[in-house]
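Note sheet for the following structure.
The values are calculated or read from the model by the stated rules, or taken from the named source; none is laboratory data. What you are looking at is a predicted structure, and each value in this text was computed from that prediction instead of being measured. Every residue, glycine among them, receives a Cβ derived from its backbone with ideal geometry; neighbour counts consider all protein chains shown.
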Amino acid sequence: MTRGDKKAIFAWALYDFANTLFSMNIISRYFPLWVTKEHGAGDIYYSTALSLSMFLVAVSIPILGAISDHTGKRIRPIVWLTLGSCFATAGIGFTDSLFTGLLLFIIANYCYQSALVFYDGLLPNVARGTSVARTAGFGVALGYIGAVFGLLVIMPVESHFGSSSVYFATAFLFLFFSIPCFLLVKDYGKSRETKNITSHAFHRITGTLKTIRAHRPLFIFMLANFLILDGQNTVIAFMALYADRVAGLSGGKLNIFLVTATLGAAIGALFWGFMVNRFGALKIFKIICALWVFTLLFTASVTNETLFWCIGPLAGIAMGGVWVAGRTLLVELAPPERIGEFFGFYYLAGKASSIFGPMVWGIIVALFAPLGGTIQHRLAVLSLAIFIGAGWWLLGKMHKKTCPNPGLGPI
């Protein structure tokens, strides 16, 4: 590689570092408590805002993906969407209105999630001359570092300037670490005809769905993975809220708890990658689901704070494995000549899975709130165990011989 290529790869991966600051600080850590603790609103308010933003993302992903492919222009949309996310995030810290804050969060999360469509589309060209998997892995690694960095840096900001300051600080850091990607990564694609791009995008999704339904093992996997991600994505969104409400963790303790979960995810990704190579994606995916169900049952039942500290690393280890085993199993199941098409649907289903889990959580907490105590949140966690358990059961319907491309290893 030339020196310029290395700069572009680092700048591209640094965007992963930057956007994970938003994911950890806003989605997982501070905004759920801004809604429920600072404004005294129910979980249903946050879950509705999160689900609505993800619904908008799921609906627009086919169009955004088609625009990205046909125009070959990705950097400019990333810039504008990142700016939109950062300005909306900063705005949350300047409002006392619950409704305004929820609206700003919907805008911020939509822009953050949508930018990833264009960002991921840059990978093949950024990685030219080197390994795509290695470049992607570098981005994931920086993402985990960004999550930990964001929490540790924000702690003194919050203690000196108050909780409202974390939104401006996070927005600033998100934008600051995105600038190298804006300046050093270039568009490589050529612009093509964009006529009827919307109908073309949805026609492509419809055709992919028909193809998946015709391949029973692939259809079962997609449905199982949807349920598993439904549970996992809800854990990511409500982990901090649950730790605060049930275990009484707040401030620095809560940040440390989330750091242990993030480090667990990093370790889990490496460990499960080795295990998938050794024993196969399907077998390991089932084991990961079993670990998730155990972790969620343990989470719903534990009352001792010391034992509660075990939950973060356990959840993180399981979390890191879902992405490794899921993507590898898709490679093993999908026809090689259509792998890109099926990965597009895989990511679309992943975004769509973030709609239902949060809504189920919010509804359960609202329905059982009259019981008092922490029972409503424990029941919400049990609902996630049901989601993942159902996915685990579906994986049990598959057999190793159904994978036409085994042994390809994680990508």
Condition check: in contact (Cβ under 8 Å) with a residue 12 or more places away in the chain and touching a Phe, Trp or Tyr at 6+ places or on another chain (Cβ under 6 Å). Does Ala349 satisfy that?
yes
From Gly389, Gly373, residue being out of contact with any strand residue (DSSP E or B) (no Cβ under 8 Å at 6 or more places or on another chain) and either modelled with pLDDT of 95 or more or hydrophobic (A, V, I, L, M, F, W, C) (or both)
Gly389
Could you say which residue among Thr135, Thr170 is among the β-branched types (Val, Ile, Thr), surrounded by 17 or more Cβ atoms within 10 Å (Cβ to Cβ) and within 21 Å of Ser28 (Cβ to Cβ)?
Thr170
Show the residue pairs meeting these rules: Cβ distance below 6 Å; 6+ apart or different chains; first residue within the stretch 238-251 and under 12 Å from Ile311 (Cβ atoms); second residue of a type in the set (Val, Ile, Thr).
Val246/Thr374
Given the structure, is Leu367 crowded, with 17+ Cβ neighbours inside 10 Å, at pLDDT 90 or above and outside the structural domain of Ser47 (by TED's automatic domain parsing)?
no
